Amino acid sequence: MHIIGPVFPVDRLPSWAGATWIGEITTEPSAHEELDAIAVPGAEGYERARLLVRKGHNVVGFVTIDIAEGRADHAEVQAALRKLPDVHDCLAEASIERKPFSVIVCTRDRPDDLRTALNSLLQLKYAAHVQIVVVDNAPATNTTQDLVAGLGDDRVVVVTEPKPGLSNARNTGVRAARNEWIAFTDDDVVVDPDWLEGLARGFARGGNSTWCVSGLVPTGELRSPSQAWFDQRIGWSSALLPRIFDLKSPPADVPYFPFQVGRYGTGANFATKRSVVDSVGGFDAHLGAGTASKGGEDIDFFYRVIARGGHLVYEPSALVWHRHRESVEALKSQAVGYGRGLAAWGTKLLLSPGDLGRGLRVLLRRESWSLAPLRDYRNPMGSTTTKEAPIEVADITSIEHRALLSGPWAYVGPRFFRR
């Protein structure tokens, strides 16, 4: 076995004692394998590592191990691997259709992040043609245009959307896309080489009724307390089994389905079809980063897919690593976006009686409800501060909760009262 990584480029030693090296371990025997230690590349300054483990295309789980002087103890790694569950995927490989993809990446004056994301996209392994559309949203500089031009790769095109807002950018990207299958990711990610293969597997898993596929988004960097807090707060990599969300088959473990939108995925990793985008009316220009709402455009899209009769497939083999906000101030800004965006989406839902009614009919047919999801949102990580994330949890969480109050006006104001 050997260890691959780190996920994101490391240009300096970690300054936080709780920092964790992030990478992947292959479990196939190596001809040069040492029996006492396994090298962890680029791990200087780290005392532990988190490793993604796969069996074939399936993500089995993650193991966290101690490291010293850039090496992991072979016996400790083996013991950790033995604790992981066995997995088996019954989906026949022959049933997977591999159509061309257009990948849309929306960005705004973040060339360093974008360069890392594009480098990973250009290493995708996929049998069909891939087009990469970079949407330069309300740029203040020419850095994005210059970066794409410097790549000299005709698979990558750049288009400009002058009106700020992530939904505006995504709609522009869809118009520029040449293919029916369209995948979305962000500029602060590293995509797995088999990401599109996983998305194609998701389309096959849900059959002809698949309107949307979302995937696994594990933490790709843990260098600061802010990143560690977000890693514990958001469960983007906690679900490791495929599943299909369908309005006709409410899942027993999602008591507020279809309104528990956080269970469907995130905008950093999903795919849909051009025909679906057209049928649901595109992305709402009053939701998303760069608007007054600061968020909510992805959960709004996911909900409309399900409310209007489509299958949303969660496919963990479609994997995208995410770089969380490194500073406390950036984390606080993100918390505002999550709270305000959620309330803005809820406001839109109240103004959309058709979509709201479809969801309410499903919810009201349930025999019982649980208050656990509401308690979890109110106090998502408990009242204690952990060694891994020594940030005042109540402060970040209260910022998100207070931001809920501004969500309704953030949606209604620009839509109905401002010209």
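The values are calculated or read from the model by the stated rules, or taken from the named source; none is laboratory data. Worth saying up front: this structure is predicted, and the values here are computed from it rather than measured. Note that we place each Cβ from the backbone using ideal geometry, even for glycine, and neighbour counts take in every protein chain shown. For accessibility, only protein heavy atoms count, side chains too; no ligands or nucleic acids. Shrake-Rupley method; radii C 1.70, N 1.55, O 1.52, S 1.80 Å.
Since only ILE299, THR116, VAL130 are under comparison, the one whose Cα sits farthest along the positive direction of the charge dipole of the chain, derived from C-beta charges on Lys, Arg, Asp and Glu, is ILE299. Taking all Cα pairs closer than 8 Å and separated by 6 or more residues, the relative contact order of the chain comes to 16 percent.
Counting only protein heavy atoms and using a 1.4 Å probe, what share of the accessible area of the chain belongs to carbon plus sulfur, as a whole percent?
Details: 9960 of 18650 Å².
It is 53 percent, rounded to a whole number.
Beta carbons within 10 angstrom, averaged per residue: use that to sort the peptides 118-128, 49-59, highest first. Working shown, then result.
Details: 118-128: 16.0, 49-59: 19.4.
Output ranking for 118-128, 49-59: 49-59, 118-128.
Set the Cα radius of gyration of region 52-123 against 2.2 N^0.38 Å, with N its number of residues, and you get 1.65. Where both bridge residues fall in the chain, DSSP classifies roughly 50% of the beta bridges as antiparallel. The residues of the chain expose on average 45 square angstrom of accessible surface per residue, using a 1.4 Å probe on protein heavy atoms. The C-alpha atoms of the chain define a longest principal axis, and helix 297-307 lies at about 70 degrees to it.
Note on region 127-279: with charges restricted to the Cβ of Lys and Arg (+1) and Asp and Glu (-1), its dipole about the Cα centre is near 580 debye.
Along the positive direction of the dipole of the chain (beta-carbon charges: Lys, Arg +1; Asp, Glu -1; about the Cα centre), which of ASN142, SER279, THR172 reaches farthest? Toward the positive end, the furthest listed residue is SER279. Ordering of 210-219, 74-83, 230-239, 325-334 by packing is 210-219, 230-239, 325-334, 74-83, highest average first (other Cβ atoms within 10 Å, averaged per residue). In terms of accessible area, using a 1.4 Å probe and ignoring ligands and nucleic acids, ASP146, ASP253 rank largest first as ASP146, ASP253. When you count the other C-beta atoms within 10 angstrom of each residue and take the mean per peptide, 168-179, 104-115 line up highest first as 168-179, 104-115.
Mind running the shape call on the chain? Use the C-alpha gyration tensor, a ≥ b ≥ c as the square roots of the eigenvalues: rounded below 1.5 for a/c, prolate if a/b tops b/c, oblate otherwise.
Values: a/c = 1.36, a/b = 1.30, b/c = 1.04.
It is rounded, given that a/c, with a ≥ b ≥ c, falls under 1.5.
So which of LYS99/LYS125; LYS294/LYS332; LYS248/LYS348; LYS163/LYS294; LYS273/LYS348; LYS99/LYS248 end up more than 20 Å apart by C-alpha?
On the way: LYS99/LYS125 13 Å; LYS294/LYS332 13 Å; LYS248/LYS348 23 Å; LYS163/LYS294 15 Å; LYS273/LYS348 23 Å; LYS99/LYS248 28 Å.
In this structure, LYS248/LYS348; LYS273/LYS348; LYS99/LYS248 lie more than 20 Å apart at Cα.
Scalar couplings 3J(HN,Hα) for region 128-136, obtained by applying the Karplus form with A = 6.51, B = -1.76, C = 1.60 to θ = phi - 60°, are 9, 5, 10, 10, 10, 10, 9, 9, 8 Hz; x denotes Gly and Pro. Using equal-weight Cα scatterers in the Debye expression, the normalised intensity of region 144-229 in log10 at q = 0.11, 0.14, 0.26 Å⁻¹ is -0.46, -0.73, -1.33. Here the dipole of the chain is about 2120 debye; that uses its Cα centre as origin and unit charges on the Cβ of Lys and Arg (positive) and Asp and Glu (negative).
In percent, what relative contact order does region 267-378 have, based on Cα pairs under 8 Å that are 6 or more apart in sequence? Could the numbers behind the result be given before it?
Details: 68 pairs, mean separation 31.4, N = 112.
Reported relative contact order: 28 percent.
Sorting the Cα pairs of region 197-319 by distance into bins of 5 Å, from 0 upward, gives 2, 11, 20, 22, 21, 14, 7, 2, 0 percent per bin. Assuming charge only on the beta carbon of Lys and Arg (+1) and of Asp and Glu (-1), the dipole of region 204-293 about its Cα centre is about 160 debye to the nearest 20. Between the helical axis of 393-403 and the longest alpha-carbon principal axis of the chain there is an angle of about 20 degrees. In the chain, a dipole from Cβ-located charges (positive for Lys and Arg, negative for Asp and Glu) runs towards its positive end, and of ALA80, GLY339, TYR411 it is TYR411 whose Cα lies farthest in that direction. Entry note, the chain: the mean residue ellipticity at 222 nm calculated from DSSP H runs of n ≥ 4, each adding -39500 (n - 2.57), is -10000 deg cm²/dmol after division by the residues and rounding to the nearest 500.
Return one number: the angle in degrees, 0 to 90 and rounded to the nearest 10, between the long axis of the Cα atoms of helix 353-364 and the longest principal axis of the Cα atoms of the chain. On a 0 to 90 degree scale, this one is about 60.
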